[in-house]
Amino acid sequence: MATSVHDAVAPGAAAPARARGGLGLTVAVLLVAFNLRLAITSLGALLDHLGDLGVSAATQGLLTSLPVLCFAVVGATAMALTRLVGVDRGLEAALGLLALGLVLRVLDGTPALIAGTAVACAGIALANVLIPAIVKEHFPERIGMMTGAYTAVLSLGSAAGAAVTVPIADAGGSWRVGLGAWALVAVAAALAWAPYCRRRDPQRSRPRGASLWRSPTAWAVTLLFGTQSLYAYVMMSWLPSLYADAGFSDAAAGLLLAVSIAIGVPFFFLAPSLAGRLRHQGHLVLALTLVTAGGWAGLWLAPAGGAWLWAALLGAGGAVFPVTLSFFALRTTSTADTASLSTMAQSVGYLLAAGGPFLVGVLHDASGSWALPCALLVGLGVVQASAGYVAGRPVRIGADSDSGAGAAR
């Protein structure tokens, strides 16, 4: 069995890093992760209700498009923030933006709803980029386990936002209560993280001289992030419609999507933990990609006959997401490099993914069926698996000339 690929940690830094990665810090990171999709899924749960209150369809469309646009555009600025204040204090600033946006969007008027959603998503975009660097710095010996834990909790937070927002709104007598309540959770995360904010360390924040933009491994990680994001956004956008066209009720179609997300949670925890123990993670990406492609192939050929199986396969195959996040730390040698790779992969990757749901919709309308979109998504697996094999090589960007010839330092 191949040995794990771990970071090279200076002797003097190893003990403090391990000491700081204790229970309190772990809880703080997981509480932050719980917030990273709440603002999005809570709003989605109330979109129909907002339409009944006069929010236009165009505004609703803008609100659903803002997250991925913010993830791409605002995420690209995360490295500048890291250089200015460091990753720890940068994450606190991101949580502040999130809480501010969640409060702003429940103030009176559609402009406040749009502006607040944009501010909240900007905070999430920054946190998305910084969390892998936090894991790299504070949990250098447990990268796979912590990546699995925080992505699983992220999924649970996503499900909570979708499931609990409407009951909270009903109990409070207003949609504003349903959305605004989540600001308290963001504030709790900011308070939990506050003790771990430190002064900026110039050595850790200084960017490395070699450019990620010339690294084949960095581009492979970026492409992999883009393909798995495209799969996820297409599934969340179109899977209920596909099942509805296959004869399921709207309620059953929504339940199938929820089941797919729920089944993915244990795989989100286990897959990056396994990745951290493997020398070459390309085989793991291939296996998960085959599971995903199998789900879309089933939806192409027999959407009704194996509906629950296809939903389960798509949920399990989505574990490529946390595996890709673990690459940010596994393929780099410092916290600053991890933040740089996370910035590059997420900004470019989300831009690549943004057009996926639109393209699937166009192909569906043009062909009058789901066969062509599903065939395209099956074929995308070839691209994802190929990128996974390059991204999964046991190299560190800049440490081994990024050629794949050497072992990780």
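The values are calculated or read from the model by the stated rules, or taken from the named source; none is laboratory data. Keep in mind that this is a model prediction, so the values were computed, not measured. Reconstructed Cβ throughout: ideal geometry from the backbone, glycine too, with neighbour counts over all protein chains shown. For accessibility, only protein heavy atoms count, side chains too; no ligands or nucleic acids. Shrake-Rupley method; radii C 1.70, N 1.55, O 1.52, S 1.80 Å.
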- Please give the direction-averaged projected area of the C-alpha convex hull for segment 257-345, in square nanometres with one decimal. 6.3 nm²
- Can you give the accessible area of Ser56 in Å² (nearest 10), computed on protein heavy atoms with a 1.4 Å probe? 50 Å²
- Message: Check the chain for me: any Cys whose beta-carbon has no other cysteine beta-carbon within less than 4.7 Å?
- Response: Cys197, Cys374
- Two-site label geometry, Ala246 and Ala375: point separation in nm, points 7 Å out along Cα→Cβ: 1.9 nm
- Task: Give the peptides 364-375, 324-335 in descending order of average Cβ contacts within 10 Å, highest first.
- Result: 324-335, 364-375
- Once you have the Cα-Cα distance between Ala171 and Leu184, take 0.36 nm times their residue separation minus that, and quote the gain in nm to one decimal. 3.0 nm
- Task: With a 10 Å radius around each residue's Cβ, average the other Cβ atoms per peptide and rank 111-117, 78-84, highest first.
- Result: 78-84, 111-117
- Query: What are the principal axis extents of the Cα atoms in segment 129-276, in Å, biggest first?
  - Reply: 55, 37, 26
- Additional length obtainable on full extension of the chain from Leu255 to Arg277, 0.36 nm per residue less Cα span: 4.5 nm
- Answer check: the chain, Cα atoms, Kirkwood Rh, Rg/Rh ratio of 0.96
- Estimated Rh, segment 211-300: Kirkwood, alpha-carbon pairs, angstrom: 15.1 Å
- Kirkwood-based shape ratio for segment 115-194, expressed as Rg/Rh from alpha carbons: 1.04
- Approximate shape of segment 267-409 as ellipsoid semi-axes (Cα gyration tensor, √5λ), whole Å, largest first: 32, 17, 12
